[in-house]
Each structure stands twice: as structure tokens, then as C-alpha cells.
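Heads up: the structure comes next, in C-alpha cells.
The values are calculated or read from the model by the stated rules, or taken from the named source; none is laboratory data. What you are looking at is a predicted structure, and each value in this text was computed from that prediction instead of being measured. Glycine also receives a Cβ, built like all others from the backbone with ideal geometry; neighbour counts cover every protein chain displayed. Calculation scope for accessible area: heavy atoms of the full protein, side chains included, ligands and nucleic acids excluded. Shrake-Rupley method; radii C 1.70, N 1.55, O 1.52, S 1.80 Å.
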Amino acid sequence: MNKLLYKSAAILGLLVSFNSCSLDEYNPGGQTGELVYGTYEGISGLINYCYTPFNGMGSDGLFNNMNYVFASETGTDLWENSYGSYNPEWVYYEGMASNNATLYKMWRIAYSCIYHCSAAIDRAEKVTDTDAAEVKAKVAEAHCLRAFYNFIIVEQFGGVTLVDHEEKEPNLSPKRSSVEDFYKLIISDLKTAIEGLPVVAADGNKGRVTKKFAQALLAKVYLQGSQYDFGGMEYATLAKNTAEYMIEHQSEFGAPADGFLYDDFKNVFSDANRQDNKEALMVATFGSCANSDVTALSGSHNIWYNLFLPKIGKYSDIGMLEKTYSYGRANMGVLMPTKYLMDVYKDDDTRFYNSFVTAYGPAGDNTGLQLSKCEKVLTEALCDKYGIDRKHKGHVFREAFSCGWITAWAPTYKCVYKGNGTTTGVKSDYEEVEVVDPMIMEKDGLIEKDANNVTIYFSKKKLTDAEKAERPYICFNIDDMYNSDGAVQVGNDMNSQDSRPKVFPMHRKFFTSLGEYNNHMQKRFCDIFIMRFAEVYLIAAEANVMLNHKGFAKEQVNKLRSRAHTTLAEESDMTIDFILDERARELCGEYCRWYDLKRTGKMKERLQKYNKRAGNSFDSGKHLLRPISVDFLNQIENAAEYGTNGY
């Protein structure tokens, strides 16, 4: 084992003790670190470790869990807490401190990967047991990953300790570096990565960084850096040029003949494209993978969706369950959209209905181990309880979908009941259908009025009380979730007039109905996009707005709006606020929003308008950086000098 590497990492509070992440894995022969990590297998092991935060490390991971969602999406104009008390330090800037567990995980994970990448880069020149071209490509991965993790560190924590080499001895008095120095290294690393990375990973592993991700990340870094004095318009110009080069030369980065973008937004997050998506530039892989040498790539699941799935199991008396194969396990549901996020989509924008679930139907199965059936009859008492007009007494709720016969925890097919009467649970009374997305999609903006596979519905189009009374299921207008000032109603009730538990539209981008679930149904096989090509258009558009090239910006924005079948933008629309609205419509939930508001200087303004509770607590002189982890400060000798970032 390379003990010096561990000691150096430990000084930053990064002791590498994650499951199956020990460098001993890559030292089967027991040679010393200097010998092993001077081999191709050795540096490959160092680099492979740096992929584990994407989909491994259990609750310590970045993308398979909730950690990075809170750091990159909450505390913005897009998300509030559904019941007010979960992680308020992230969602509302209330009580954030240096001992926050999520904060420490992000700090520790990022720095541990930066150390491993630096060690691989430094040792690569000693590798002689394979072809030089293979070494160059492998080291390019390390440069790209180091840039990715350094970008997280510098934007979340500011000018902290810059690690650009493998330290041979632990440093108990680390010094801070400037934000500009961080950016210089990040940009240099990404340029090296673009030159050395293949278009397609040599081993066919879609979970590895490739040239397309490095190019897109460089454009993103330039744009983010434009907020600083050292970046400014120079970086905006570089962001524009880098993004537009990629748009104009997509084949150079491995795009198919018809380009990276799907021609219809509905295809971006469809089940058919969950694990082979041409728009994805980098993914955290969950499920089967061609190469298992990247730790935890095989057999992992994401629980990302669980943060956004409301507790629909509270409606068990009308067929909804907490645990089903169809919805998963609805036991968290802590993040719900702000009123701004619901309103920012126009009625004709198909991105809304393909990004959010607005109707829930009974899944009809509990364990999923046998053919499901659901049969809940509306009584007068249930009508009164849920605000359904009594004329619908006798209405029967039936399963919106069922899992079919199950073998080894995985559905073999899906089926629907053929009859009109009581569902039987007998296989011959069902017909097999194609595997479909279980979420009930709205047609022309409204669910069918007399649908019997719907129990809860949120209408984006405002329905009158009379129109709601025509529907034999629980019916809300989306506006019903919010107070008159736009703030989310907090508490266990849907609103102050009744006793219905809190439900809301679910953000559904990384939810999947793909089969294979574990036995507590809380985890899914569904790749998560770290970055996708649509963002490259929005990077170019924002840079063009900054540079007053509004005609170019309009064309780039409309490339995305046209596939969402919404009204095209005009040149006069091209402002930073419009770009932020467009990024919300296109990229909500995709690890961008906190960075967007920080970059554009709009954090305080937008919080005060669209997330008032957060706006009341937000301090521009403090909250644009996170606190320095107390675990790190307790291990160094110059903690007072190093500081806490004002916390």
C-alpha cells in the first residue's frame, strides 16, 4: 500500500476507507507501492478509484445518493422542502455549520479523488509495461477527473488547498490557493484531457470520461469562470468558442450521423434511452456495465428519484401503496418544486410533462412477487375525506399498470386486465403489453376526465370547482400547493382546508420503470446524466448574451425550444434572466442550478422572488461558499489561519 498517499490524503480529512476502495485491490502481488503504482495496472487502479463517487460508496457517494443533489440543486429558486424540516441548512441556508455530514462527504470524496488522480499523473512517466499511447489515454482520464473534482471544490469552497501533484509527506500546515490558480489548473487539465482522451472508451465502458465530456466541461468551466475578475469577457468568449466548436463539429466527438440531440425532448428521458443515450456526455452508470474493473459499476442502484417521490402510500384506502415495484418506495419525498418552477413552463412546452409526474395511479402490487390487482371502491366516506363529489360513489380505482409475473425480483413482462369488471389476479384474464413507463402522462394538458386508473391528479391548467367535481379522483390545481405569496404550504396537510397528506408533482427525469429492483424497492437501475449535450447549447447562448450576440443566442435557445414544441424565442427575449428560465426548463434537477445562480449573480434576487424562506436567510457575503469541514480543521496545525469561510 502507498502509505504516504494515504497520509497526505488523511491530512485533508480524506482518509480513504470506503468499501472496496483500498489501493490494496490493485496490488495482488504484494509489491511495494513504488513498484505497483509505476505499472499500467497500478495507475489504472488509482484512476478507477476516482469513478467510485459516481455510483458507489453507498451513502457516501455523490450521484447514487442525495449528497450532491443538495449541494448543487437546493438553496435555489427551483426546490423547496415538502415539509419544511429536512436539511434546511441546504434548502434554506438555515443553520449550516462546519460539522455538516453532507458537506464533509463532498469535501472528503473530492479531495481523495484529486489525490489519486495526481498520483497517477505523476507516476505515469515511469510506466513502461504497455504502449505509450495507452498510457497517454489513461493519464488523460486522470486529468479530466481531477479537473471535475477541482471544479466542485473551488466553486463550493473557494480558494482552498490546490493539489497538483502527489505529496510524498503529509503537510500539517496546508496553505490556501487563489481561485484563479484553481481555474488555471482545471483548464490546463481539460486541455490535456481533450488531446489525449479517446472518442469512445477503449474498453467500451460508457461510465468513463471521453473527449466529448472534457470538451463540454471546458466550455462550462470557462462560463463559470466568467463571474470572476480574472475571467470576465475573456472567459465568456472562450466559453462561446469552445461550446460552438463542439456544436459545429459533433462528429469529431463521436456523435451519430444525426447529431447528439434527440429531435424530441420526450426521447431524452424515455425508458428506451435510459442506458444508451446519445445525448449523454457523461453518466453515472447504474445497472449492467461492460467492464467491471471500475469499482461498483456493476450491481449499483440509484435512489435519486426517492428524494422527489411524495408519500403516496398515505392514500392506501384508494389503492396507493408505499412500496411497489412500479413506483419504488415512497418514504422520503422531501424535495418539491417551487411555484416558479411550475410556472416557468408554458402550457405548450412538452418538457414539463416529460420532467414531472402530475398524476398517480394505483400500482396494485405490494411485494411484486405475483400478478397484481387493485380494486378500491369509492364510498361516501372516501368521497368526503378526499373532496370528491359524492355522485362518484361506487367508482372503482383499478391499477394504472401492474408488474406481471415476477422471477428473481425482476418483471418478465407487464400486463393489463382485459375485462371491465372485477380484476381477478388470474393470468389468463390479463394480456401482455409492451414494457411502458408507469407514470401516467397527460394528453393535451389534461388527464382524461373519467379515467379509472388515476387516484391523484395535479392540473397545470387551472380547473374550476365545478370542473374538479366532474372527476372521480382527487383533483388539485398545481397552484393549490402554494400560499398566495408563492411559498409552499408547510405541514402534513395538502392545504389548510382538509386533512389530506402532502403530495405534489414528482420530478421524474432519473426515475425508471426498468425491471430489476432490490427487495426493498428503494433503488433503481437508471443511469444519471452528469452532463448532456443540450447544456452545451445553453452555455453558448449565455455566453452570447454576455457578449451581446443575441441573434446567435436566440438560434441556440430555439434549437432546444423547437424540440419541446413550444413557442420560439425572439431576439428581444435574450437576457440573462431568460437564459436562467430556459436552463430551469431544460436542466432542472441536473446538478446545475446552484452554480447557475452563483455565476450570474442572481442568487439573492431570485431567492427573494421565488424561494422567500431561503431569501430571508441568504447572506451574499457568506453563503456563496460552503463552510470548511471541521474534520479537516481538526487535523491541521494552522486551523485559525486557514479559516472556516466565515462560518
Net charge within 15 Å of Gly646 by Cβ-Cβ distance, Lys/Arg positive one each and Asp/Glu negative one each, not counting Gly646 itself? 0
Estimated FRET transfer efficiency (Asp389, Lys462; beta-carbon r; R0 22 Å; 0.05): 0.75
Ordered by residue, what ³J(HN,Hα) values in Hz, to whole numbers, does region 42-49 give under the Karplus form 6.51 cos²θ - 1.76 cosθ + 1.60, where θ = phi - 60° and Gly and Pro are x? x, 5, 5, x, 4, 6, 4, 4
Ala101-Tyr228 FRET efficiency (beta carbon distance; Förster radius 30 Å; 0.05 resolution): 0.50
For Asp317 and Val200, extending 7 Å from Cα along the Cα-Cβ vector and measuring point to point gives, in nm, a value of 5.7 nm
If I stretch the segment between Asp485 and Lys266 completely, what's the gain in nm (0.36 nm per residue apart, minus their alpha carbon distance), one decimal? 75.6 nm
Compute the FRET efficiency between Asp131 and Asp258 as 1/(1 + (r/R0)^6), taking r as their Cβ-Cβ distance and R0 = 45 Å, and round to the nearest 0.05. 0.85
Evaluate the charge dipole of region 144-206 about its Cα centre and quote only its size in Debye, nearest 20, assuming +1 on the Cβ of each Lys and Arg and -1 on the Cβ of each Asp and Glu. 100 debye
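State the extension gain, in nm to one decimal, for the chain segment bounded by Asp276 and Lys184, taking 0.36 nm per residue of separation less the distance between their alpha-carbons.
29.7 nm
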Whole-percent carbon and sulfur share, accessible surface of region 122-206, 1.4 Å: 53 percent
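Would you mind classifying region 148-240 by shape? Square roots of the alpha carbon gyration tensor eigenvalues, ordered a ≥ b ≥ c; an a/c under 1.5 is rounded, otherwise it is prolate if a/b is larger than b/c and oblate if not.
Oblate.
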Which part of region 553-591 falls in the paramagnetic zone of Thr350, meaning amide N under 14 Å from the point 7 Å along Cα-to-beta-carbon? 560-567
For Val283, what residues show an amide H to amide H distance below 5 Å, using hydrogens built from the backbone and excluding near sequence neighbours? Ile530
I'd like the carbon and sulfur percentage of the solvent accessible area for region 571-647, probe radius 1.4 Å, heavy atoms only, ligands and nucleic acids excluded. 45 percent
Using a 7 Å offset from the Cα along the Cα-to-Cβ direction at both Thr237 and Glu380, what is the distance between the two label points in nm, to one decimal? 7.8 nm
Give me the net charge of Met574's neighbourhood, meaning all other residues with Cβ under 9 Å from the Cβ of Met574; Lys, Arg count +1, Asp, Glu -1. -1
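Stretch Ala469-Asp343 to full length: gain in nm at 0.36 nm per residue minus the Cα-Cα span? The partial results should precede the final answer.
Details: separation 126, 0.36 × 126 = 45.36 nm, distance 2.42 nm.
Working it through step by step, the gained length comes to 42.9 nm.
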